[in-house]
1. Is it the case that the stretch 168-175 has a residue that's modelled with pLDDT of 85 or more, farther than 28 Å from Thr60 by Cβ and touching a Gly at 6+ places or on another chain (Cβ under 7 Å)?
2. Which one of these is within 27 Å of Ile428 (Cβ to Cβ) and in contact with a His (Cβ under 9 Å, 6 or more places away or on another chain): Ile273, Ile253, Ile306?
3. Touching a helix residue (DSSP H, G or I) at 6+ places or on another chain (Cβ under 9 Å) and at pLDDT below 85: which single residue out of Thr66, Thr5, Thr52 fits that description?
4. Scan the helices (runs of 4 or more DSSP H) fully inside the stretch 187-247 and keep the ones with 2 or more residues being among the charged types (D, E, K, R), in contact (Cβ under 8 Å) with a residue 40 or more places away in the chain and surrounded by fewer than 24 Cβ atoms within 10 Å (Cβ to Cβ).
5. Return the residues of the stretch 191-222 that are aromatic (Phe, Trp, Tyr) and over 16 Å from Leu255 (Cα atoms); say none if nothing qualifies.
6. Does any residue of the stretch 215-227 turn out to be within 28 Å of Lys74 (Cα to Cα), in contact with a strand residue (DSSP E or B) (Cβ under 7 Å, 6 or more places away or on another chain) and modelled with pLDDT of 85 or more?
7. For the stretch 289-302, how many residues are surrounded by 24 or more Cβ atoms within 10 Å (Cβ to Cβ) and over 15 Å from Phe357 (Cβ atoms)?
8. Quickly run through the stretch 31-62 and pick out the residues that are within 26 Å of Phe125 (Cβ to Cβ), without any contact (Cβ under 8 Å) to a residue 60 or more places away in the chain and not in a helix (DSSP H, G or I).
Amino acid sequence: MIPSTFLPYFSPEISLAFWAMGLLLFEAFFDLSPRKVVFVAYACLLWAAIITLLLDPTPTLFWGGTCKWDGAAKFFDLFFIAVTALVIWMGDEVQAPVKHGGGEFVILPLFTTVGLMLLASANDFMLLFIALELVTISFYILVAYQRRNIIALEAGVKYLILGGLSSAFLVMGIAYIFGITGTTRFDLIWQWSQAHSGTMPAALGFGLLLVLAGVGFKIAMVPFHSWAPDVYEGAPNSITAFLSVGSKAGGLIILMRLVLGLFDNAAAAAVWIPILSFGAIASLLLGNLAAIPQRNLKRLLGYSSIGHTGFILVAVIGASVSLGGIAGHQSTGDANDGQVAVTAYLVSYFLATFTAFIVLAVLDRRLPGLEIHHLAGLSQRSPLLAAAFALSLVSLAGIPPMSGFIAKALVVLVAWNRGLYTLLFFTIFAAVAALYYYLGPIKAMYWSQPLDETPIRLNRITSGVLITLIVLLIVTGFWAQSIFVLINGATVSANVAYPVVLIQH
């Protein structure tokens with residue numbers, strides 16, 4: 001294990017940012033081939049993963065207290081590295097080549113990953129804002145990268161306008177919080193709230209409301225969701241998968257740090273619990289009901305993503321260990337079961353979503369469109385593609401024995417143990433409603449006559465990746481303990497007086 005004293009010099013974020021900037025400059029001046037850029041990008045991610053694995057997860061503050069290293073930061077760093085590796089592979093190997101694409105289409109996801117990793121360990125609102133902007137600006141470029149495609153350009157403009165508005169909300173919220181507390185560091189704000197007996201001045205509550213609005217945009221929470229279906233449809237398939245998993249996970253880890261540590265008191269909970277409860281219910285209803293009439297598969301998954309945000313928010317609300325006292329409900333079960341449910345849900349969602357989008361990326365090159373009726377008879381043309389897409393949808397629907405069933409079951413148990421019976425009702429209702437639109441594409445693939453009987457052949461690498469993802473989806477469903485092994489130790493540490501590692505001069 002690498003001791004935490006090395007964090008200021010050899011943190012994964014520094015390593016990956018250094019290599020990404022070097023690769024960007026080298027590619028610009030020496031005109032590297034796309035294959036070499038991809039190879040070096042994999043090497044950068046591997047180096048960052050090795051450092052992350054070797055670092056001791058003992059909770060520590062570094063960079064002057066602006067970053068916190070703990071089990072959650074370590075897990076999510078590895079999670080984002082795995083997501084980015086699949087995104088780069090999809091862009092290079094699976095989907096149709098991006099027109100006018102260069103090395104920056106591979107390098108920009110590296111910078112996005114740096115921002116996501118900073119979000120996972122942020123302990124200061126200034127670093128939080130910088131990390132979010134690094135992530136968001138990179139996504140602005142990647143979404144609209146095919147700028148000569150009118151659908152991609154429209155998606156990029158919508159994402160830019162709404163993203164800028166959400167950033168304005170976030171900055172205004174940070175300003176209110178700083179004006180009241182005199183600091184932007186999470187642990188110092190927490191100490192301030194403890195010194196003031198957990199009181200919540202109106203300005204501080206308003207600042208928290210604005211911050212939650214800014215974070216809500218990143219996770220596609222209703223009413224900050226309107227960008228998702230259009231951006232999902234217009235962006236390249238690899239970037240859509242990146243947005244669906246990476247952006248959502250980044251927003252959720254910072255949301256957990258805010259509500260489980262910084263604002264985990266009765267006064268603050270009176271502000272954030274109603275907001276997140278409304279967002280969870282609205283996301284569950286709108287996401288799942290609006291997905292029913294969708295015929296375009298990417299828009300269907302876009303609305304589905306909004307629904308999944310609602311499920312995860314239920315677990316976030318239940319994750320507060322003091323919720324029983326705050327909300328007036330009897331709280332039973334493990335204090336960390338909410339955090340476990342959030343992390344397990346993200347792992348399951350990652351596996352199912354990337355399986356689905358890899359299939360869509362392959363089909364986008366071989367079918368006239370990505371409407372549901374274009375899937376007709378796919379099981380006869382490519383049994384592997386049909387099986388992979390069907391199993392990913394079954395997992396997203398939460399049908400046993402797939403991984404998604406375990407994830408949704410954990411959310412239901414958290415809501416039951418925390419006495420959140422209203423959220424529990426809407427969670428079960430949304431899960432049942434989702435069955436309708438998830439089973440539609442499966443019906444088209446297996447019970448409709450093919451429009452074209454030409455076989456769809458896959459290369460060995462694509463087939464191997466799909467089979468691996470299918471196995472993981474099934475194993476983490478049949479053997480639930482496996483998903484707990486994957487997320488072992490990935491819990492947000494409380495705001496206590498952790499040591500600050502300083503740079504020695």
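The values are calculated or read from the model by the stated rules, or taken from the named source; none is laboratory data. None of the values given here were measured: they were computed from a predicted structure. Glycine also receives a Cβ, built like all others from the backbone with ideal geometry; neighbour counts cover every protein chain displayed.
1. Yes: the stretch 168-175 contains one or more residues that are modelled with pLDDT of 85 or more, farther than 28 Å from Thr60 by Cβ and touching a Gly at 6+ places or on another chain (Cβ under 7 Å).
2. Only one candidate passes the filter, namely Ile306.
3. Thr66
4. Qualifying helices (runs of 4 or more DSSP H): 227-234.
5. Residues satisfying the conditions are Trp192, Phe206.
6. For the stretch 215-227, residues within 28 Å of Lys74 (Cα to Cα), in contact with a strand residue (DSSP E or B) (Cβ under 7 Å, 6 or more places away or on another chain) and modelled with pLDDT of 85 or more: absent.
7. 1
8. Residues satisfying the conditions are Leu55, Thr58.
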